[in-house]
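Please read the structure below before turning to the comments.
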Amino acid sequence: MKEKLALMIPGPTPVPERVLQALGQHPIGHRTPEFQDIVNKTTELLKWLHQTKQDVLTITGSGTAAMEAGIINTLSKGDKVICGENGKFGERWVKVAKAYGLNVQVVKADWGQPLNPEEFKVLLDQDEDIRAVILTHSETSTGVINDLKEISKHVSQHKNAITIADCVTSLGATNVPMDEWHLDVVASGSQKGYMIPPGLSFVALSKKAWKANERSDLPKFYLDLRSYKKSGDKNSNPFTPSVNIYFALQEALEMMKEEGLENIFRRHNKHKEATQAAMEAIGLKLFAAKGFGSPSVTAIEPKGIDADVIRNYIKENFDILLAGGQDHLKGKVFRIGHLGFVNDRDILTVISSIEVTLIQLNILEKPIGSGVAAAAAILTD
């Protein structure tokens, strides 16, 4: 049977049946009162998810669109910014910032290591002209979660700087209290913790970010957030939105509200811990630094074999899709996604499939069942 592919990647993530049914409804006009009601309801639920009283705007586009929108709507050409770079997506924001003529300082960490908040503090303390700190919260390429809370604390104490955070694989998986942490721009995408297909992205802005918007001179049209706010205040959109994905968004957010934020965060953390414990019990090395594993994805660094051999065997024999390594990590790591609509059964299934695969490839170092037992001990605790 080759039509039961399980997505265990950091996105797109599995979509619940309820959400698929909502997605399959007939489209409606996006200028109708019925659609405006959906926009109103989803906006309030998005504020609940972001733990904010500020604006949360919805864009038909990817998470990259939300991040680019956050950058170009708050900054001006030549502005000094600090970009955190410890993976593929940190590198992307450096490229975007430079493409718009920003003066970029980079705080780097090796792939697999977290960014050091103190390095941001030193740079911020030295220069009051810095206008933004741009970073990725959950670095999907390496399975590392950065200390966004501490970094944002340093930014909030700066005269001019704002925090622009890529929370694409952290929002809906771990605690990201926008107001409490004084986050200024928070970007996310629909195909991750939201449990819906790709197509929508979300950008939340603080009052400080809107203040920065007043001086922003970078070019923008489709991603001009002032037009999204003007329309959003009337429960509408400046352009034609992805109507059916809005249907899915409403259903998914209602599911999340039913589960509750604390339960959502607890579930993701439990799945992270179970996956990490299982991989170590099997004898495989975790790529992310200890204590900094993402609740959304676990990166594994097998020794003595191409990681893609393991991935391909699992896909061919168990119909489970795992993610590979990016750039210089290609063939070096494979990544297990445990983000969104994932339950305990999914975790146990992928772990047992990895164990069987290692047996078939003659590289299993520990007794069969060691990984499942380690995971089960955490999942049933």
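The values are calculated or read from the model by the stated rules, or taken from the named source; none is laboratory data. Computed from a prediction, not measured in an experiment: that's the story for all the values here. Using ideal geometry, Cβ is built from the backbone for each residue, glycine included, and neighbour counts are taken over all protein chains shown.
Kindly state which helices (runs of 4 or more DSSP H) lie completely within segment 70-159 and contain at least 3 residues that are over 17 Å from PRO295 (Cα atoms) and within 19 Å of the chain's Cα centre (by Cα).
Working: elements: 88-99, 117-126, 148-156.
Here the list reads 88-99, 148-156.
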Selection count where residues are more than 26 Å from ILE245 (Cα to Cα) and either polar (S, T, N, Q) or assigned to a loop (DSSP other than H, G, I, E, B) (or both), scope segment 197-214: 2
What pairs come up if the first residue lies in segment 218-246 and is under 15 Å from SER201 (Cβ atoms) and modelled with pLDDT of 95 or more, the second is in a helix (DSSP H, G or I) and of a type in the set (Gly, Ala, Ser), and their beta carbons are under 7 Å apart, counting only those six or more places apart or on different chains? LEU223/ALA65; LEU223/ALA69; LEU225/ALA69; ASN237/SER231; PRO238/SER227; PRO238/SER231
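Before we move on, is LYS234 closer than 22 Å to GLY29 by Cβ and either surrounded by fewer than 17 Cβ atoms within 10 Å (Cβ to Cβ) or not assigned by TED's automatic domain parsing to the domain that holds ASN40 (or both)?
Numbers: closer than 22 Å to GLY29 by Cβ: yes; either surrounded by fewer than 17 Cβ atoms within 10 Å (Cβ to Cβ) or not assigned by TED's automatic domain parsing to the domain that holds ASN40 (or both): yes.
Answer is yes for this residue.
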Close pairs (6 angstrom Cβ cut-off, 6 or more residues apart or separate chains): surrounded by fewer than 24 Cβ atoms within 10 Å (Cβ to Cβ) in segment 336-347, part of a loop (DSSP other than H, G, I, E, B) anywhere: PHE341/PRO14; PHE341/PRO16; PHE341/MET195
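Restricting to segment 292-303, name every residue that is in a loop (DSSP other than H, G, I, E, B) and under 17 Å from GLY340 (Cα atoms).
Of all residues in segment 292-303, those in a loop (DSSP other than H, G, I, E, B) come to 292, 294-296, 302-303.
Within segment 292-303, SER294, PRO295, SER296 qualify.
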List the pairs whose first member sits in segment 1-22 and is more than 19 Å from LEU253 (Cα to Cα), whose second member is of a type in the set (Phe, Trp, Tyr), and whose Cβ atoms are under 9 Å apart, counting only residues at least 6 apart or on separate chains? ALA6/PHE318
How many residues does segment 84-114 contain that are under 16 Å from ALA187 (Cα atoms) and in contact with a Lys or Arg (Cβ under 9 Å, 6 or more places away or on another chain)? 2
Report whether or not SER201 is touching a Leu at 6+ places or on another chain (Cβ under 9 Å), surrounded by 24 or more Cβ atoms within 10 Å (Cβ to Cβ) and of a type in the set (S, T, N, Q). no
Does segment 109-127 include one or more residues that are within 17 Å of ALA165 (Cα to Cα), outside the structural domain of PHE292 (by TED's automatic domain parsing) and touching a Ser or Thr at 6+ places or on another chain (Cβ under 7 Å)? no
Restricting the search to segment 352-375, which residues are within 14 Å of PHE318 (Cβ to Cβ) and of a type in the set (Gly, Ala, Ser)? SER352, SER353
Between residues in segment 66-88 that are not assigned by TED's automatic domain parsing to the domain that holds ALA187 and residues that are surrounded by fewer than 24 Cβ atoms within 10 Å (Cβ to Cβ), which pairs lie under 7 Å by C-beta distance while being six or more apart or on different chains? none
The one condition GLU128 fails out of (1) more than 25 Å from GLY337 (Cβ to Cβ); (2) touching a Gly at 6+ places or on another chain (Cβ under 7 Å) is (2)
